[in-house]
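Asks: Sending over a structure as structure tokens; questions will come in a sec.
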Amino acid sequence: MNETTQLPALPDHLSADQRSPFHVAAVFEHDIGIRFNDKERVDVEEYCISEGWVKVPAGKARDRKGQPLLIKLKGKVEAFYR
């Protein structure tokens, strides 16, 4: 069970939205995790490590296109492969 494939480097700014210019499909082929303020979060839609923020859904609210409304939380951000 040795994986010989190299994992792509995690970018500084990554978005789960396929329409975003910060979406990298190769990264989403693997399971990634986000640690925000030393706690692992599973609801992160977008992050930026250098600026120190994550965007998460704001409850059940949706915009007119049906996408979840996102709020920006600031703090210490770490991205990693599981």
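The values are calculated or read from the model by the stated rules, or taken from the named source; none is laboratory data. Predicted model, so just to flag it, every value in this text is computed and none were measured. FYI the Cβ positions are ideal-geometry reconstructions off the backbone, even for glycines, and counts take in every protein chain you see.
Asks: What strands (runs of 3 or more DSSP E), lying completely within the chain, carry at least 1 residues that are of a type in the set (S, T, N, Q), at negative phi and out of contact with any Gly (no Cβ under 9 Å at 6 or more places or on another chain)?
Replies: In the chain, the matching strands (runs of 3 or more DSSP E) lie at 13-15.
Asks: Taking only pairs six or more apart or across chains, which ones have beta-carbon atoms under 8 Å, a first residue in the stretch 53-66 that is surrounded by 12 or more Cβ atoms within 10 Å (Cβ to Cβ) and of a type in the set (D, E, K, R), and a second residue that is modelled with pLDDT of 90 or more and part of a loop (DSSP other than H, G, I, E, B)?
Replies: Taking only residues 6 or more apart or on different chains, the pairs are Lys55/Val44; Lys55/Glu45.
Asks: Something else now. Does the stretch 1-39 hold any residues that are of a type in the set (D, E, K, R) and at pLDDT below 90, and which are they?
Replies: Glu3
Asks: Got a number for residues in the stretch 12-52 being surrounded by 13 or more Cβ atoms within 10 Å (Cβ to Cβ) and either in contact with a helix residue (DSSP H, G or I) (Cβ under 7 Å, 6 or more places away or on another chain) or free of Cβ contacts under 8 Å to residues at least 12 places away in the same chain (or both)?
Replies: Adding up the residues that qualify gives 2.
Asks: To continue, here is another question. Would you check if there is a residue in the stretch 60-69 being under 22 Å from Ala9 (Cβ atoms) and in contact with a strand residue (DSSP E or B) (Cβ under 8 Å, 6 or more places away or on another chain)?
Replies: Checked against the condition, which is being under 22 Å from Ala9 (Cβ atoms) and in contact with a strand residue (DSSP E or B) (Cβ under 8 Å, 6 or more places away or on another chain), the stretch 60-69 yields no hits at all.
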